[in-house]
1. Mind ranking 99-106, 52-59, 35-42, 125-132 by how tightly packed they are, going by the mean number of other C-beta atoms within 10 angstrom, highest first?
2. Would you order Phe5, Phe31, Phe95 from fewest to most other beta-carbon atoms within 10 Å of each residue's own beta-carbon?
3. Which ³J(HN,Hα) values in Hz, rounded to whole numbers, follow from the phi angles of region 51-59 under the Karplus curve 6.51 cos²θ - 1.76 cosθ + 1.60, where θ = phi - 60° and Gly and Pro get x?
4. Angle check, please: helix 122-135 long axis (alpha carbons) against the longest principal axis of the chain (alpha carbons), in degrees 0 to 90, nearest 10.
5. Take the Cα atoms of region 40-136, find their three principal axes, and give me the spread along each one in whole Å, biggest first.
6. Specify whether the C-alpha gyration tensor of region 1-96 places it in the rounded, prolate or oblate class, a ≥ b ≥ c being the square roots of the eigenvalues: rounded for a/c under 1.5, otherwise prolate if a/b is larger than b/c and oblate if not.
7. What's the extension gain from Asp2 to His45 if we count 0.36 nm per residue and subtract their Cα-Cα distance?
8. Quick check on the chain: helices-only [θ] at 222 nm, where DSSP H runs of length 4 and up contribute -39,500 (n - 2.57) each and the sum goes over total residues. Nearest 500, please.
Amino acid sequence: MDCIFCKIVNGELPSAKIYEDDHQVAFLDAFPATAGHALLVPKKHIVNIFDCDEELGRIIYPTLIKLSKAIRHAMGCTGLNIVQNNEAVAGQVVFHSHIHLIPRYDYDGIKIAVASKAQATPEVLAPIADKIMRAL
Ligand code: 5GP
Ligand code: ZN
């Protein structure tokens with residue numbers, strides 16, 4: 001399969017690896033937003049969160065916690081953004097699932113913002129919440 005992250009997982013392409021086990025690998029982003037920007041990638045080729053089963057989720061999250069703490073300790077960052085882009089409309093460019101860990105430093109000039117608009121009323125929120133709950 002012509003997938004950059006499968007090739008990194010298989011060792012066909014080089015990467016600056018920071019973690020690996022049977023299910024997942026983490027390596028530094030080749031175009032880092034900040035120093036220490038890392039990607040946590042399942043070894044199995046899945047496209048994004050919509051392909052992810054709960055068992056894999058249970059494996060990934062503890063690693064995310066471990067890596068976050070290690071990155072903060074190693075890099076001395078003040079904070080950290082965890083971001084996953086799912087589908088092109090959300091900014092996904094590499095279609096092998098991955099989670100960004102982006103260390104944040106005081107005055108780093110990076111802006112990762114959810115574009116909030118006007119405050120929604122309870123009348124607007126309630127039917128949306130209901131619709132999503134019924135889809136679970
Ligand atoms: P996306 O926009 O899909 O969430 O992010 C893909 C990320 O993969 C980008 O931050 C990009 O810099 C990174 N990336 C793309 N190609 C490579 C590569 O060959 N090696 C590494 N280490 N990172 C890559
Ligand atoms: Zn892949």
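Throughout, read-outs are computed from the coordinates displayed, never taken from laboratory work. In this text, all values refer to a predicted model and were calculated from it rather than measured experimentally. When we count neighbours, we look across all protein chains shown, and the Cβ atoms used for this are built from the backbone with ideal geometry, even at glycine.
1. 35-42, 99-106, 52-59, 125-132
2. Taking fewest neighbouring Cβ atoms as first place, the list is Phe31, Phe95, Phe5.
3. Couplings: 9, 8, 8, 5, 4, 5, x, 5, 7 Hz.
4. Roughly 50 degrees, rounded to the nearest 10.
5. In descending order, the Cα extents are 46, 37, 24 Å.
6. Judged from the Cα gyration tensor, region 1-96 comes out rounded (a/c under 1.5).
7. Extra length available between Asp2 and His45 comes to 14.4 nm.
8. -10000 deg cm²/dmol
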